[in-house]
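The values are calculated or read from the model by the stated rules, or taken from the named source; none is laboratory data. In this text, all values refer to a predicted model and were calculated from it rather than measured experimentally. As a convention, Cβ positions derive from the backbone with ideal geometry for all residues, glycine included, and neighbour counts pool all protein chains shown. Ligands, DNA and RNA are excluded from the accessible area calculation, which covers all protein heavy atoms including side chains. Shrake-Rupley method; radii C 1.70, N 1.55, O 1.52, S 1.80 Å.
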Amino acid sequence: MKRSLAGRLWPNATAVVLFVAFVFPVYWMFSTALKPTSDIISEDPVWFPADATFEHFGTAIDAENFWTLVGNSLTVTVSAVALSLVIALLASFALARMRFKGRRGFLVTFMIAQMAPWEVMVIAIYMIVRDGEMLNSLVPLTLFYMVMVLPFTVLTLRSYVAAVPKELEESAMVDGCTRPQAFTRVIFPLLAPGLMATSLFGFITAWNEFPLVLILNKDAEAQTLPLWLSSFQSNFGDDWGATMAAASLFALPILLLFLFLQRKAVGGLTSGAVKG
């Protein structure tokens with residue numbers, strides 16, 4: 001009994017320590033954003049803001065071009081994720097269900113593309129965008145972000161498609177569905193967990209991307225939130241409250257998306273798997 005209790009205690013204690021280590025910086029960021037300036041600069045740390053204030057959030061929101069950059073980030077990120085999902089759905093179905101010459105080589109190419117750092121291509125990317133006269137445009141950012149997340153999306157969705165029994169698809173086709181109808185009515189609802197995981201990964205990757213927009217978009221109104229956040233500290237000096245508020249606003253969409261996708265992911269596990 002004692003040995004069994006000790007065997008359960010150590011993993012749980014380790015999990016609690018890791019949880020606190022990962023969550024505490026996020027808590028400190030949000031709590032600092034809510035503290036008045038006197039608590040922030042106090043020599044004694046204030047762990048819980050007793051007199052919460054939203055003044056720092058107002059300072060961050062009133063910063064120059066904030067809402068323009070929010071729109072740019074949302075436009076680029078959502079467009080890149082949507083494009084990658086559409087392409088990846090078709091590619092993953094072909095890789096999982098069809099047999100064609102060069103299939104293994106195609107998979108290896110995607111794996112290499114996933115492992116290779118895209119920074120090695122930054123000079124070529126800049127020259128292509130410059131020669132195409134598309135600097136300070138959101139279109140190249142959208143396309144390159146889509147390319148960045150596409151290999152992971154294809155490989156992940158392929159595993160989910162391969163896990164769906166072929167008998168479900170064949171039964172739908174026996175009942176009169178065409179192959180595209182069988183995919184949309186039977187397979188697609190079962191891919192919800194994979195779609196959620198890849199959407200979240202793609203959103204985080206595109207939302208946080210910094211170097212590419214720094215190189216391609218020098219115009220302040222054509223930039224995205226990561227650049228705005230990096231320049232916020234230099235513009236506002238030692239205003240740590242406003243800096244933490246800006247960082248909180250930047251992280252908030254990812255947290256909300258994660259909570260939404262986590263709540264919705266289970267809904268598509270068995271939807272469409274049973275004929276009513």
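In table form, for the structure just shown:
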quantity	calculated
Among residues of the stretch 88-129, those that are of a type in the set (A, V, I, L, M) and under 19 Å from residue 159 (Cβ atoms), counted	14
Options 75, 14; residue that is more than 25 Å from the chain's Cα centre (by Cα), modelled with pLDDT of 80 or more and surrounded by fewer than 16 Cβ atoms within 10 Å (Cβ to Cβ)	14
The listed residue being more than 30 Å from residue 144 (Cα to Cα), open to solvent by less than 50 Å² (accessible area, probe 1.4 Å) and aromatic (Phe, Trp, Tyr), out of 57, 19, 48, 24	57
Cross-chain or 6+ apart pairs with Cβ under 8 Å, the stretch 161-187 first and over 17 Å from residue 92 (Cα atoms), then among the polar types (S, T, N, Q) and exposed (fewer than 15 other Cβ atoms within 10 Å of the Cβ)	172/181
Filter result for residue 232 (buried (at least 20 other Cβ atoms within 10 Å of the Cβ) and among the aromatic types (Phe, Trp, Tyr))	yes
Residues satisfying the stated conditions in the stretch 182-192, i.e. surrounded by fewer than 18 Cβ atoms within 10 Å (Cβ to Cβ) and in contact with a helix residue (DSSP H, G or I) (Cβ under 7 Å, 6 or more places away or on another chain)	185, 189
Among (1) under 31 Å from the mean Cα position of the chain (by Cα); (2) farther than 14 Å from residue 213 by Cβ; (3) in contact (Cβ under 8 Å) with a residue 12 or more places away in the chain; (4) open to solvent by less than 50 Å² (accessible area, probe 1.4 Å) - the single one residue 132 does not satisfy	(3)
Top-ranked residue in the stretch 252-275 [being crowded, with 16+ Cβ neighbours inside 10 Å and assigned to a helix (DSSP H, G or I); ranked as modelled with the lowest pLDDT]	268
Number of the condition not met by residue 104 [criteria: (1) open to solvent by less than 30 Å² (accessible area, probe 1.4 Å); (2) more than 23 Å from residue 204 (Cα to Cα); (3) in a helix (DSSP H, G or I)]	(1)
Residues satisfying the stated conditions in the stretch 30-45, i.e. in contact with a Gly (Cβ under 9 Å, 6 or more places away or on another chain), surrounded by 17 or more Cβ atoms within 10 Å (Cβ to Cβ) and among the polar types (S, T, N, Q)	32
